[in-house]
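See below for the structure under consideration.
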Amino acid sequence: MTSPLQMSVYRPAGRLGQYVRAFQVFSMTAPAEVSVLDFGAGEVSVPVCFGDPVLVQDWGGCAVPSAAVVGPMRRATWLQFQGTIDQVNISFFPGAAGAFVGLPVPELVGQMAPPDAVWPRAFRQAVAELQPLPAGQRIGGLAELLLARLEPGKEPRAQVREAVRLIQASRGRVTVRWLADQVNLSISQLERSFTRQVGVGPKLLARQTRICALAAEAMELASPNWALLAAKYGYADQAHLARDFRELTRLTPGRFASAGSDADFLQDAVAYRQGG
């Protein structure tokens, strides 16, 4: 691994696994500054920081407080890790966070809710008390705290959950019309449900999912053939891929690929060592 930023992924089992996609444990192998391009893809996340906070470069270097709720993004976001990195990031499936955080998901799109606006004081104190524990026990403690907050009546409707599953299973290669047919909703019903419960529409979520999957595959290739990748991922042509890539990441495919061995793919993000 070329980046000093390391990530381990823990997938919760049981009931919590229906809502939480992963607990992502971040640490740094050596002092460094690492920029991370986070593709997002409709997820709400809660970074629990036991060291230095992550900075959002797109928000002017704003520090994300521990246990803040970061809403779904409409395009990839640049993050910066530096200093002492000791973090557990809670990544919710698209649409699932509303059953825990008590805030309307549409209000979180492109935004961050501070921890004291979301979690009661007892919850925040219990999270802070996990600091001296090893990663596995921290995750167990966070899982218990989350399950105690679960409000099943606020979970997304079954059709939305199934549409999200289909988008992810197909790596974004679906149309909104096909999705609506699969879950027995009209297109307008599906779009309204997504806006209300996921925060972004099904078309944008599919685009983000497709770009993320394509980028992960491109990272594995010494010299990506963008025309072949465009065909494989269902783009009309390479120009269509380039437009979508640039709109969602603010990078051209060529500039993205130029990172080469100086970057690592971390689930739904790419880590770049600064000054490496």
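The values are calculated or read from the model by the stated rules, or taken from the named source; none is laboratory data. Note that the coordinates shown come from a computational prediction; the quantities given were computed from them, not determined experimentally. Here the Cβ is made from the backbone with ideal geometry for all residues, glycine too, and neighbour counts use every protein chain on show.
Listing for the model above:
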{"quantity": "Any chance V127 is under 23 Å from E191 (Cα atoms), part of a helix (DSSP H, G or I) and of a type in the set (A, V, I, L, M, F, W, C)", "calculated": "no"}
{"quantity": "Residue within the stretch 178-185 that is out of contact with any helix residue (DSSP H, G or I) (no Cβ under 6 Å at 6 or more places or on another chain), touching a residue at least 60 places away in the same chain (Cβ under 8 Å) and of a type outside the set (F, W, Y) present", "calculated": "no"}
{"quantity": "Those residues of the stretch 46-76 which are surrounded by fewer than 20 Cβ atoms within 10 Å (Cβ to Cβ), touching a helix residue (DSSP H, G or I) at 6+ places or on another chain (Cβ under 6 Å) and either more than 25 Å from F123 (Cβ to Cβ) or among the basic types (K, R) (or both), in sequence order", "calculated": "R75"}
{"quantity": "Residues located in the stretch 181-198, provided they are part of a helix (DSSP H, G or I), more than 24 Å from the chain's Cα centre (by Cα) and among the aliphatic types (A, V, I, L, M)", "calculated": "I187"}
{"quantity": "Condition met for V36 (modelled with pLDDT of 90 or more, assigned to a strand (DSSP E or B) and crowded, with 16+ Cβ neighbours inside 10 Å)", "calculated": "no"}
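Rundown of residues vs (1) in a strand (DSSP E or B); (2) in contact (Cβ under 8 Å) with a residue 40 or more places away in the chain; (3) on the phi > 0 side of the Ramachandran plot; (4) of a type in the set (G, A, S), yes/no style:
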| position | (1), (2), (3), (4) |
| --- | --- |
| S3 | no, yes, no, yes |
| M7 | yes, yes, no, no |
| G40 | no, yes, yes, yes |
| P47 | yes, yes, no, no |
| S66 | no, yes, no, yes |
| R75 | no, yes, no, no |
| Q80 | yes, yes, no, no |
| T84 | no, yes, no, no |
| G95 | no, yes, yes, yes |
